[in-house]
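Working notes for the structure below.
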Amino acid sequence: MVDVLHILDIAGVPSIISHYYNKLNMGKSKLIYNEKNSFSYSISKFYEGQSFKKFHRLLLNGLVESLKFDLVHIHGAEILIPFFKIFGRKVVLHYHGSDIMEPGRSTSKWRIFCRSMADLIIFNADYMKPKIITSKKVRIEFLSNPIDIEHFSSRNEKKYGCLSIVSSNLDKEKTIQKIKKIENADIIDLDIQQIPYRFMPNVLSKYKVYADIKIMPWGQRLKTLSTTALQALSCGCDVFFNDKLIDTFPKENDPYNYIEKLNHFYEEILYKKNN
């Protein structure tokens with residue numbers, strides 16, 4: 001069994017990882033996060049992670065807490081790795097997209113130095129891999145995002161119409177223009193109408209189709225299903241993605257399969273530690 005401390009939350013993915021890790025009794029898992037990210041905060045709160053308003057307090061608490069765990073799983077913030085390495089911790093660095101794709105972040109010498117200290121780097125979409133630059137050989141692995149399939153289950157047998165959701169992390173103008181080409185598609189702008197995480201299954205379950213159209217600020221249209229699209233599939237919706245209709249939830253996003261693979265990575269890191 002491996003005990004894991006998760007640092008920071010991005011789009012709620014670390015919350016789900018920690019929740020299912022504990023649920024499956026793989027070991028002890030805990031998440032500490034910053035309240036600054038309002039979107040992630042609502043999900044983190046749903047899964048009862050520990051929150052901090054001040055980043056420096058989160059870091060200090062994390063350093064002390066890390067001594068109680070076998071390894072530290074840092075989400076996005078590669079600049080934190082040296083602090084935990086000073087404490088002799090094994091570190092997993094996990095990129096979720098909006099982090100490593102920020103302009104200048106991939107090629108920053110300081111960030112390259114920091115991420116090169118990781119024992120493992122995880123990414124969740126193919127387009128991210130070329131951006132993960134290190135100064136020495138570091139193990140890099142792909143893992144798609146897990147979805148809470150128990151929370152995201154169908155709440156409505158009769159489904160009608162099409163839905164798409166946009167937010168400030170996109171090029172909203174171009175994204176909305178693309179969505180409007182779909183006849184009678186409903187659009188929810190999360191910057192105007194917040195939907196609490198606990199109610200998302202109720203909203204998604206009303207629709208027959210979810211249109212997964214997201215154009216990023218750097219001009220790229222996502223080549224993999226978004227988290228919301230995966231949630232919609234889990235709720236029994238079809239997903240319109242890259243001009244195709246998808247009706248099957250991917251096995252790789254099942255949290256039970258995900259945690260089994262992630263735990264295997266953890267064990268390999270600790271096994272390497274002892275040899």
> How long is the gain from ASN169 to ILE86 if the chain were fully straight, where each residue apart is worth 0.36 nm and the alpha carbon distance is subtracted?
Replying inline: 26.5 nm
> In the range 129-169, which chymotrypsin sites (Phe, Trp or Tyr not before Pro) fall in coil by DSSP and have 15 or fewer other Cβ atoms within 10 Å?
Replying inline: TYR160
>> Sort LEU31, LEU190, LEU270 by Cβ crowding within 10 Å, fewest neighbours at the top.
In response: LEU270, LEU190, LEU31
> Between SER18, TYR258, ASN169, whose Cα lies farthest towards the positive end of the dipole of the chain when Lys and Arg beta carbons carry +1 and Asp and Glu beta carbons carry -1, centred on the Cα centre?
Replying inline: ASN169
> If you rank LEU63, LEU245, LEU80 by fewest surrounding Cβ atoms within 10 Å, what's the result?
Replying inline: LEU245, LEU63, LEU80
>> How much of the DSSP bridge set in the chain is antiparallel, in percent, rounded to the nearest 5?
In response: 10
> PRE reach from ASP186 (point 7 Å along Cα→Cβ): which of the range 226-247 fall under 18 Å by backbone N?
Replying inline: 228-240
> What list of ³J(HN,Hα) values in whole Hz, one per residue of the range 118-131 in order, does the Karplus curve 6.51 cos²θ - 1.76 cosθ + 1.60 (θ = phi - 60°) give from phi, with Gly and Pro shown as x?
Replying inline: 5, 7, 7, 10, 10, 9, 10, 7, 4, 5, 7, 4, x, 7
>> Need one number: nm distance between label points at LYS208 and ARG57, each 7 Å from Cα along Cα→Cβ, rounded to one decimal.
In response: 5.1
> Using a basic spin-label model with each label point 7 Å from the Cα along Cα→Cβ, how many nm lie between THR107 and ASP126?
Replying inline: 2.4
>> So for the chain, averaging the separation of alpha carbon pairs under 8 Å that are six or more residues apart and normalising by length, what relative contact order in percent results?
In response: 15
>> Quick check for me: using +1 on Lys/Arg Cβ and -1 on Asp/Glu Cβ, what's the dipole size of the chain about its Cα centre, in debye to the nearest 20?
In response: 740
>> Between the range 225-275 and the range 1-71, what is the separation of their alpha carbon centroids in Å?
In response: 19
> By a straight-distance test (C-alpha under 13 Å), which aspartates and glutamates pair with LYS131 as possible cross-link partners, with residues fewer than eight away in the same chain excluded?
Replying inline: ASP99, GLU102
> Which of (i) 17.6, 50; (ii) 22.0, 87; (iii) 18.8, 60 is the computed Rg and Dmax of the Cα atoms in Å for the structure on display?
Replying inline: (iii)
> For the chain, what is the calculated [θ] at 222 nm in deg cm²/dmol (nearest 500), taking -39500 (n - 2.57) for each run of four or more DSSP H residues and dividing by its residue count?
Replying inline: -9000 deg cm²/dmol
>> To the nearest 20 Debye, how big is the dipole of the range 1-148 about its Cα centre, given +1 on the beta carbon of each Lys and Arg and -1 on that of each Asp and Glu?
In response: 500
>> Please compare each pair in LYS159/LYS214; LYS28/LYS251; LYS28/LYS272; LYS23/LYS261; LYS208/LYS244; LYS174/LYS223 to a cut-off of 18 Å on the Cα-Cα distance and tell me which ones are over it.
In response: LYS159/LYS214; LYS28/LYS251; LYS28/LYS272
>> What does the C-alpha gyration tensor say about the overall shape of the range 1-144? Classify as rounded when a/c is under 1.5, otherwise prolate if a/b is larger than b/c, or oblate.
In response: rounded
> Say we join alpha carbon atoms closer than 10 Å with springs in a Gaussian network model of the chain; which of SER116, SER167, SER18 then has the biggest fluctuation?
Replying inline: SER167
> How much length, in nm to one decimal, is gained on full extension between HIS264 and ASP3, taken as 0.36 nm per residue of separation minus their Cα-Cα distance?
Replying inline: 92.7 nm
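No lab work stands behind these numbers, since they all come straight from the coordinates. Keep in mind that this is a model prediction, so the values were computed, not measured. Note that each Cβ is placed from the backbone with ideal geometry, even for glycine, and that neighbours are counted across all protein chains shown.
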